[in-house]
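Reviewing the structure listed below.
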Amino acid sequence: MKIATLAVLLFSVWPSAAQNPTSRLHQQLRAYRSAHEKQILGEFVNLLSIPNHAGDTADIERNVQAISAMLQARGVKVELLRLAGASPIVFGELRTPGATRTIGIYAHYDGQPVDPAQWQHPAFSPVLRDPSGQIVDGQAQKSLNPQDRIYSRSSSDDKAPIEATMAALDALRAAHVPPSVNLKFFFEGEEEAGSPHLAEIIAKYPEAIAADAWLLCDGPVHQSGRMQVDYGSRGDIDMEMTVYGPAHPLHSGHYGNWAPNPIMLLTHLLDSMRDANAHILIPGFYDDVRPLTPSERRMLAQTPAADQQLEQELAIAQPEGDGAKLAEQILKPAINVHGIQAGHVGEEAANVISTEARASFDIRLVPNQTPERVRQEIEQHIERQGFFIVHQTPDLATRRAHPRVVKLEWGPGYPAYRAPVENPMAKAVVRSIEEATGGPIIQVVSLGGSVPMYLFEGKKHVPVIGVPIANADNNQHAANENLRLQNLWDGIEIFGTLFAHLGGNLGAR
């Protein structure tokens, strides 16, 4: 949809009207979406076409301007929250006369780096594929197949909720239904980089996060395809590890069994940190883990298991975790190695001892672990394995002075968050979403991924609830990321119902 056309339709003031019954609103939202699917898809494609790696200043600014225009076209007051060296926060506010509650919507517009060689097509040239994988021209079809998927970086993580919330505002305006709550939109541009400036930005603009509740719109729905809400997310801290061998590559026949092999040093060090069943072997690592409350244990017991389905789809004969279900495993801390780089394999393999070996980690935290304490525990463990730790590339004198040298480079990290599952605001969110979906939804104690939810809680302990819309099999963070169209359509109805009915479900102050 052209921005100019949107502006003509949407810059007028919100009309006043009595809140419609749920069934009536549901019909109106669906009718609007059905009549405007191609325009919605067209606007989404335009947004997805803009590269969005957090380190690329020019492309980030293009995303900022595009999203600002989308908000402004819906009558949302926009402010860019800037901090030197950081990607701007696109902040929007839409106030409804008479509304007594304010709800914040968080999503992020940056995406994971792209390896073009792994993609079927360029990551920022979105394509629509049918269930057989064939490319289809959505604009040329009479109607869109809801099972078709749009393939592009950030189609699911995390531009989908940005588009869904915008279309939801359009649908409500067309139905003459104003939001029942004041709305704040907080779209971040550094989430995939670990949100290194988010705390500082919030400290600089504290009024931006003043709200009665926050909805964090990131992550997938349940593996069964049913809508879910989550009450928290794991924390995260990244680490890059480099171990060293000889000063230059050596012939493995002449020097094998004598010159230290950094690949072997690295793999043995990794084995000392974590066993084959995902249990962390670092002394004291679990000491700070907060036990589940009785309410959380009941919720965990009621969470449907999709393990058998996933084992079949992913060709997994035996998952890690000594028989524990996935829903339980993601409530535990984790040490994940997401990349190793050393030497060569296959046709490029050579009979040499490499000079160094590297590994890249993401370490997932749960309440009440902190990045600072986890870093201390890991470094103490590595020292006990006989390594001398440096945080900058060591010179040859340092390598000569210590038998085992390891360089550790840490990301900033952030802690986990978990809202009380009995919170009245959370219950109102669940009721509103169940109105949109027409039945019970799944409630999970915590998302397995990491989102900086804790920063939005603030000193007033504002509840933060996860409301994801993406399909679970979306290839998040990987090549050929995708979003099933039906998930986008469902998201529009969910956000439209939340905006229109959440105030009523909360009741008067």
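Values quoted throughout were computed directly from the atomic coordinates according to the rules given, and no laboratory measurement underlies them. All figures in this text were calculated on a predicted structure; none of them were measured in a lab. Cβ coordinates were reconstructed from backbone atoms using ideal geometry, including for glycine residues, and neighbour counts include every protein chain displayed.
Tabulated data for the structure shown
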item	result
Estimated FRET transfer efficiency (V337, Y255; beta-carbon r; R0 30 Å; 0.05)	0.65
Two-site label geometry, L270 and E320: point separation in nm, points 7 Å out along Cα→Cβ	1.1 nm
Cα gyration tensor category, rounded, prolate or oblate, for region 29-87 with a/c compared to 1.5	oblate
Base-10 log of normalised Debye intensity for the chain (one unit scatterer per alpha-carbon) at q = 0.12 Å⁻¹	-1.14
Extended-chain gain in nm, criterion 0.36 nm per residue less alpha-carbon gap, A401 and V289	36.5 nm
Quotient of C-alpha Rg and 2.2 N^0.38 Å, computed over region 113-164	1.20
Three principal axis lengths of region 432-479 [C-alpha, angstrom, descending]	36, 34, 16
Cβ-Cβ FRET estimate between E313 and S143, R0 fixed at 35 Å, reported to 0.05	0.75
Equivalent ellipsoid dimensions for region 182-318 as semi-axes, Å, which come from the Cα gyration tensor, largest first	41, 26, 17
Under-5 Å amide H pairs with L250, H placed in peptide plane, nonlocal only	I353
Normalised alpha carbon radius of gyration of region 123-209 [divisor 2.2 N^0.38 Å]	1.48
Gained length - A31 relative to D56, 0.36 nm times residue gap less alpha-carbon distance	5.1 nm
D_trans [Stokes-Einstein, Kirkwood Rh over alpha-carbon pairs] for region 256-322, 25 °C, 0.890 mPa s, µm² s⁻¹	154 µm²/s
Coarse-grained scattering of region 346-425 at q = 0.27 Å⁻¹, given as base-10 log I(q)/I(0) from a Debye sum over alpha-carbon atoms	-1.34
Centre separation in Å (Cα based) which lies between region 359-378 and region 238-263	27 Å
Residues in region 277-297 reached by a label modelled at Q380 [backbone nitrogen below 12 Å; 7 Å Cα→Cβ]	282-288
Listed pairs K159/K332; K204/K460; K77/K159; K159/K204; K38/K77; K77/K427 exceeding 22 Å between Cα atoms	K159/K332; K159/K204; K38/K77; K77/K427
Whole-Hz ³J(HN,Hα) from phi, Karplus 6.51 cos²θ - 1.76 cosθ + 1.60, for region 120-126, glycine and proline x	6, 8, x, 5, 10, 10, x
Neighbour count of at most 14 Cβ within 10 Å plus DSSP loop: longest chymotrypsin sites (Phe, Trp or Tyr not before Pro)-free window in the chain	12-257
Amide N of region 87-121 lying under 16 Å from the label point, which is placed 7 angstrom from the Cα of N475 along Cα→Cβ	112-121
At R0 = 25 Å, FRET efficiency that the Cβ-Cβ distance of L300 and A210 yields, to 0.05	0.20
Nonlocal amide H pairs with Y417, under 5 Å, H built at 1.01 Å	S233, G235
